[in-house]
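What follows is calculated from the coordinates using simple rules that are stated; it is not laboratory data. The structure presented is a predicted model; accordingly, all values stated were derived computationally and were not measured. Reconstructed Cβ throughout: ideal geometry from the backbone, glycine too, with neighbour counts over all protein chains shown.
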Amino acid sequence: MRPQNDKSRQPKTPRDVDKTDRDYILELAESGIKSMFKVGESLLNLFNPESSQKKDDRSNQKNYQNPSKDSDYNYSRDSKQSSGSSNSINRQPIYVQQRITAELCLIVPARLVSNLTPPQTLTREQICELIDNCAYFRCLPSKDLGSLEQDLQPTSEPILHDSERDVYIRIQIKDGENMIHNSSCYGLKKRLPQTGTCELQERLLLANLSGRQHFNRI
């Protein structure tokens, strides 16, 4: 036997649908639309890869035009460090060569210095002539004079204008640091300052050959 329809129960109309049922149906519809969109986008990328590349390019361009704050901070910090390094280079000390007074010590014939009396200022030409006629020479800083003069034995005899005896003379040359420890007469004359004070400080007639070992011999 066929069951009889219960006429007392009426079918639900759209107005009778519960609100919760309506929201659930809307969620299902929205989820289905999103799924269809993703499937369509995947198919588009599969068959048209150029479209995906253009999208990535647009994303990279956006990031380039609007860099992050972290990038700005790193750039600012690197710029400051670079500037600090540049300033440290510009602030390096400048070393200036120290001016030293040279002591030019010569042993020359008495006739060349009989008319000289220390202290006396000498010209560059006079000094060059004395260098040309010396038998022994040495140029050194003032602090080393003790070791050079300690073995010399002077005499109190007069220095005659026609004598060939050895006389020790010492000429103080300001700004003559380039002459110090020079081992040739040519080098001494070449490095003799064009300007500056050159003063005869010592003149001694030598009694013998003692102390010659500390000099350069011609």
Exercise. Where residues in the range 164-184 are out of contact with any strand residue (DSSP E or B) (no Cβ under 7 Å at 6 or more places or on another chain) and not basic (Lys, Arg), which of them is nearest to ILE131 (Cα to Cα)?
Worked result: SER184
Exercise. Mind checking which residues of the range 119-129 are in a loop (DSSP other than H, G, I, E, B) and surrounded by fewer than 15 Cβ atoms within 10 Å (Cβ to Cβ)?
Worked result: PRO119, THR123
Problem set entry | The lone exception for GLY146 - which of (1) free of Cβ contacts under 8 Å to residues at least 60 places away in the same chain; (2) in a strand (DSSP E or B) it fails | (2)
Exercise. Mind checking whether some residue in the range 202-214 is surrounded by fewer than 18 Cβ atoms within 10 Å (Cβ to Cβ), of a type outside the set (Val, Ile, Thr), touching a Phe, Trp or Tyr at 6+ places or on another chain (Cβ under 7 Å) and assigned to a helix (DSSP H, G or I)?
Worked result: yes
Seminar exercise, completed: Of those in the range 156-183 that are outside any loop (DSSP other than H, G, I, E, B) and β-branched (Val, Ile, Thr), the residue surrounded by the fewest Cβ atoms within 10 Å (Cβ to Cβ) is ILE169
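With the requirement that a residue be out of contact with any strand residue (DSSP E or B) (no Cβ under 8 Å at 6 or more places or on another chain) and small (Gly, Ala, Ser), what does the range 185-202 give you?
Within the range 185-202, GLY187 is the sole residue that qualifies.
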